[in-house]
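Colleague: Can you keep this structure in mind? I'll have questions shortly.
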Amino acid sequence: MPEFAVRLALLLMPVAALLFAGLLRRQRLRYPHTLFLGRDGRTAGRLLFRRLRLFYDAAIDAFIALVIAAALGGWPGPRELPAAFVVDWSRSMAEGFPGSRPVDLAIRSLRADPRAEGASWFLLRQDPLSGEAVVEDATAAIAGGGDPASLVAVLRATRPMLGADPSALAALSRKARRDIVLASDSAAYEAVGFELLAMPSSPVRAALPARVSRDHEAGGWTAFLAARGGARELLVLEPGPEGAAPRPLGPERAAVEAVDGGWKVRLSAPGAYLAMAEDATLPFVATEGPGRPSGHGSFSAAMAGVFEFLPDLGGRGAVFTDAPQGDGARGPAPVGGVDGARIVASAIATDAETAVRLADPASTRGRLLALGAPGAGPPEADFVLAPRALDNPNLPLAYWTVLEREAARIDGAFEALKIVSAGDGLFAYGSDGRVRAAAPPAAEYEEATPGPRVVLPSPEARRWIPASLLALLALAKLALARAFARPGRKGGP
């Protein structure tokens, strides 16, 4: 309340100053009172009308100041909605036997909460194709009751349990949910803006996915899978046609080698695969990887030559080009590759003093690379390179990151016709005959470690209410100004 009074006093100061200035400029003239007597004798009404005409502007300004001060203080508050119960729909929540799994315990615990009556239920899950976190309304399925184990079996048939990102709960906090409760077995972080209900964590598996990369020197692809505990054997399969049972691969297509901490699998072709260990069945995918880029211009042609070892994917690689430099310089726009391949423009900063910032470490594998300052080169340039960057051996890493992202974008254009469960993940069969694999993130196979805080944004205020009031006051001010405008004098004797 004191803050509101201070804001209102500050906003009323210019109103009071204008009113005081108007009073100082007023001039008092003495006339006989009979000159102001109306013919019908309604002198009091005319006097009140005259007072309103003198002070209506200041009065409306005061009301506007009052509305602005209240809006700055958060008025009106968001309309509170019922509590939101969110179930972590990740792979680790399904570990164990039906009825005693963390996901079953989560539903049972939330149903016993006093706020369960009238609450909305949601699933925090990961979209199997895009990989994005999704908060899905499941009130109709969960609030109606029923055995949690049977309920999970029904929901899991159409909603794979992969991963869960709590930051996606921001979609609920902005809608002014009164209470947001997340039941999760990964409660190793500080929750701000929502309540975290910790569930028992599942035991760590002996096998877990690691990474898949293309071996450009030896040819083919290499997959690394980590092993913990007593995992001894690994079998690699490929998905069957149109959802048929996975088929084992011959030694000429997949060679499994035991290494320290797990296995190394050499694959002869890209595609989706299924790794079966003693206690885990892990789908993974070996992607085609970046294609050979093309270069236009002296520098870009030289940079494209660095990646000559990449396979030619029929023009699906990125296009490197030199950005035009100089006053009003405009060169011919290079033609992109297949599927609208990205055009990467580069410019060389002529002034050595423009190298005032470093490239994002994520784009250079943590290595240091000096780039030109923003605005040092043409606006269409993706890279403005300082002169010292040309001698930096880490320079190709920045372009390699661009090639990897371009390959991921092209590979992301995928339309799934059929999705089949495969171990901990799934296989998605596309319209073009390709098969993609989706698996839980690696964090689902590791022990939860303390992480950073997860902060949800505050609910969005209903600002349309003060905006409407301000608009009405402004219209009233214009209408009164028009009504009280003095008519022009008419000529005559």
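Colleague: Out of Asp104, Asp127, Asp137, Asp113, which single residue is surrounded by fewer than 19 Cβ atoms within 10 Å (Cβ to Cβ), of a type in the set (Asp, Glu) and touching a residue at least 24 places away in the same chain (Cβ under 8 Å)? First the steps, then the outcome.
Modeller: Details: Asp104 fails: surrounded by fewer than 19 Cβ atoms within 10 Å (Cβ to Cβ); Asp127 fails: touching a residue at least 24 places away in the same chain (Cβ under 8 Å); Asp137 fails: touching a residue at least 24 places away in the same chain (Cβ under 8 Å).
Within the list Asp104, Asp127, Asp137, Asp113, the selection yields Asp113.
Colleague: Let me ask something additional. Quick one: in the range 161-203, which of the residues that are in a loop (DSSP other than H, G, I, E, B) and out of contact with any helix residue (DSSP H, G or I) (no Cβ under 9 Å at 6 or more places or on another chain) is nearest to Val134 (Cα to Cα)?
Modeller: Per the stated criteria, the residue is Asp165.
Colleague: Confirm whether Ile107 is within 17 Å of Glu95 (Cβ to Cβ) and among the β-branched types (Val, Ile, Thr).
Modeller: Values: within 17 Å of Glu95 (Cβ to Cβ): yes; among the β-branched types (Val, Ile, Thr): yes.
So Ile107 passes the test.
Colleague: Take the conditions in a helix (DSSP H, G or I), over 30 Å from Ala416 (Cα atoms) and under 27 Å from the mean Cα position of the chain (by Cα) and apply them to Ala106. Does it pass? Don't jump to the end; show me each part of the working.
Modeller: Working: in a helix (DSSP H, G or I): yes; over 30 Å from Ala416 (Cα atoms): yes; under 27 Å from the mean Cα position of the chain (by Cα): yes.
In short, yes.
Colleague: How many residues are of a type in the set (Ser, Thr, Tyr) and touching a Ser or Thr at 6+ places or on another chain (Cβ under 7 Å) when one looks only at the range 92-147? Let's see the steps before the verdict.
Modeller: From the range 92-147, those of a type in the set (Ser, Thr, Tyr) are 92, 100, 109, 120, 130, 139; that's our starting set.
Among the residues that remain, those that are also touching a Ser or Thr at 6+ places or on another chain (Cβ under 7 Å) are: 92, 120, 139.
Within the range 92-147, residues that are of a type in the set (Ser, Thr, Tyr) and touching a Ser or Thr at 6+ places or on another chain (Cβ under 7 Å) number 3.
Colleague: In the range 142-160, how many residues are assigned to a helix (DSSP H, G or I) and surrounded by 14 or more Cβ atoms within 10 Å (Cβ to Cβ)?
Modeller: Adding up the residues that qualify gives 7.
Colleague: For Gly314, all conditions in the list (1) modelled with pLDDT of 75 or more; (2) assigned to a loop (DSSP other than H, G, I, E, B); (3) under 30 Å from Phe427 (Cα atoms) hold save one; what is the number of the exception?
Modeller: Gly314 satisfies all of (1) modelled with pLDDT of 75 or more; (2) assigned to a loop (DSSP other than H, G, I, E, B); (3) under 30 Å from Phe427 (Cα atoms) except (1).
Colleague: With (1) farther than 24 Å from Ser421 by Cβ; (2) touching a Ser or Thr at 6+ places or on another chain (Cβ under 7 Å) as the list, and Glu257 as the residue in question, which single condition is left unmet?
Modeller: (2)
Colleague: Right, here's the next one. What are the residues in the range 69-78 that are at pLDDT 80 or above and either more than 9 Å from Arg7 (Cα to Cα) or in contact with a His (Cβ under 7 Å, 6 or more places away or on another chain) (or both), if any? Full working, then the answer.
Modeller: In the first step, residues of the range 69-78 are kept if they are at pLDDT 80 or above; the result is 69-72.
The one that is at pLDDT 80 or above and either more than 9 Å from Arg7 (Cα to Cα) or in contact with a His (Cβ under 7 Å, 6 or more places away or on another chain) (or both): Ala71.
Colleague: Checking the condition over 18 Å from Glu406 (Cβ atoms) and either at pLDDT 70 or above or surrounded by fewer than 20 Cβ atoms within 10 Å (Cβ to Cβ) (or both), which residue from Pro361, Pro293, Pro334 passes?
Modeller: Working: Pro293 fails: over 18 Å from Glu406 (Cβ atoms); Pro334 fails: over 18 Å from Glu406 (Cβ atoms).
Checking each option against the conditions leaves just Pro361.
Colleague: Condition first: outside any loop (DSSP other than H, G, I, E, B) and either β-branched (Val, Ile, Thr) or within 14 Å of Val344 (Cβ to Cβ) (or both). Now tell me which residues in the range 295-311 satisfy that. If you could, list the steps in order and put the result at the bottom.
Modeller: Taking the range 295-311 first, the residues outside any loop (DSSP other than H, G, I, E, B) are 295-296, 298-306.
Of everything in the range 295-311, those that are outside any loop (DSSP other than H, G, I, E, B) and either β-branched (Val, Ile, Thr) or within 14 Å of Val344 (Cβ to Cβ) (or both) turn out to be Gly295, His296, Phe299, Ser300, Ala301, Ala302, Met303, Ala304, Val306.
Colleague: Please state which one of Ala116, Ala65, Ala94, Ala106 is in contact with a Phe, Trp or Tyr (Cβ under 8 Å, 6 or more places away or on another chain) and at pLDDT 85 or above. Break it down into steps so the answer makes sense when it comes.
Modeller: Working: Ala65 fails: in contact with a Phe, Trp or Tyr (Cβ under 8 Å, 6 or more places away or on another chain); Ala94 fails: in contact with a Phe, Trp or Tyr (Cβ under 8 Å, 6 or more places away or on another chain); Ala106 fails: in contact with a Phe, Trp or Tyr (Cβ under 8 Å, 6 or more places away or on another chain).
Only one candidate qualifies: Ala116.
Colleague: OK, next. From the list Ala280, Ala269, Ala275, Ala254, which residue is within 26 Å of Leu313 (Cα to Cα) and buried (at least 17 other Cβ atoms within 10 Å of the Cβ)? Full working, then the answer.
Modeller: Details: Ala280 fails: within 26 Å of Leu313 (Cα to Cα); Ala269 fails: buried (at least 17 other Cβ atoms within 10 Å of the Cβ); Ala275 fails: within 26 Å of Leu313 (Cα to Cα).
Step by step, each of Ala280, Ala269, Ala275, Ala254 is checked, and only Ala254 is within 26 Å of Leu313 (Cα to Cα) and buried (at least 17 other Cβ atoms within 10 Å of the Cβ).
The values are calculated or read from the model by the stated rules, or taken from the named source; none is laboratory data. None of these values were measured; they are calculated from a predicted model. Because the Cβ atoms are built from the backbone with ideal geometry, glycine has one as well, and the counts that use them run over all protein chains shown.
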